[in-house]
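Since the structure comes first, as structure tokens, the remarks are kept for the end.
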Amino acid sequence: MRDTFGDSVRDAYDVVGQPKDMTGATALAKQDRFQFQWWALDLVNARPYEQKKGADQGIDGRLYFHDEPEGGETKQIVISVKSGKLKATDVRDLRGVVDREQAAIGVLISLEDFSKPMHAEAASAGFYDSPWGGKHPRLQLLTIQDLFDGKKVDMPPVANVTFKKAPKAKPKTRKGKKLAFDGELEY
């Protein structure tokens, strides 16, 4: 719907049952950690990782983007979501996943705040340098509160190709007589 009608369409409807504050997010995490994970991925417009059996290998979702001229390689951002207690190793594990998957960026989304050593570990991963200019932290730590406050994944401002885009809405024009359900509109 955002592709067709623009970002303002989110103001036109309410999704019942989705958390709108930290209390709701915490309740969802306690109720169903997988629903929390999918909801958190939706906050950053990421695609859930599709794994049939076994562990998710440290990947809960992905974003894809292009930041090179036509024919350039599709880049990925791997995302891990934590609804429980954070451990110091969570950031190091994400760094290993980013390296293994040859991802441009890794993002850890958490219900809880990150410690100073976690921020230091993330900062030590360096930056992703976009061919269009600009540096983006290679490991990014985002809390749910950050996302509620409008913070986004720091990625190149180029084509996000995570989901296929829907066509833009075009007003319909019709010739002929006015119909009963047309209201006051004239054609």
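The values are calculated or read from the model by the stated rules, or taken from the named source; none is laboratory data. If you're wondering where the values come from, they're calculated on a predicted model, not measured in any experiment. FYI the Cβ positions are ideal-geometry reconstructions off the backbone, even for glycines, and counts take in every protein chain you see.
For the subset of region 129-160 comprising residues that are free of Cβ contacts under 8 Å to residues at least 40 places away in the same chain and in a strand (DSSP E or B), which member is farthest from GLU73 (Cα to Cα)?
THR143
Return only the number of the condition from (1) under 16 Å from the mean Cα position of the chain (by Cα); (2) surrounded by 15 or more Cβ atoms within 10 Å (Cβ to Cβ) that PHE34 does not satisfy.
Condition not satisfied by PHE34: (2).
Taking only region 131-171 into account, find how many residues are of a type in the set (Ser, Thr, Tyr) and at pLDDT below 65.
Summing the residues that are of a type in the set (Ser, Thr, Tyr) and at pLDDT below 65 in region 131-171 gives 1.
Mind listing whichever residues of region 77-97 are out of contact with any Leu (no Cβ under 7 Å at 6 or more places or on another chain) and not charged (D, E, K, R)?
Residues satisfying the conditions are VAL78, GLY84, LEU86, ALA88, THR89, GLY96, VAL97.
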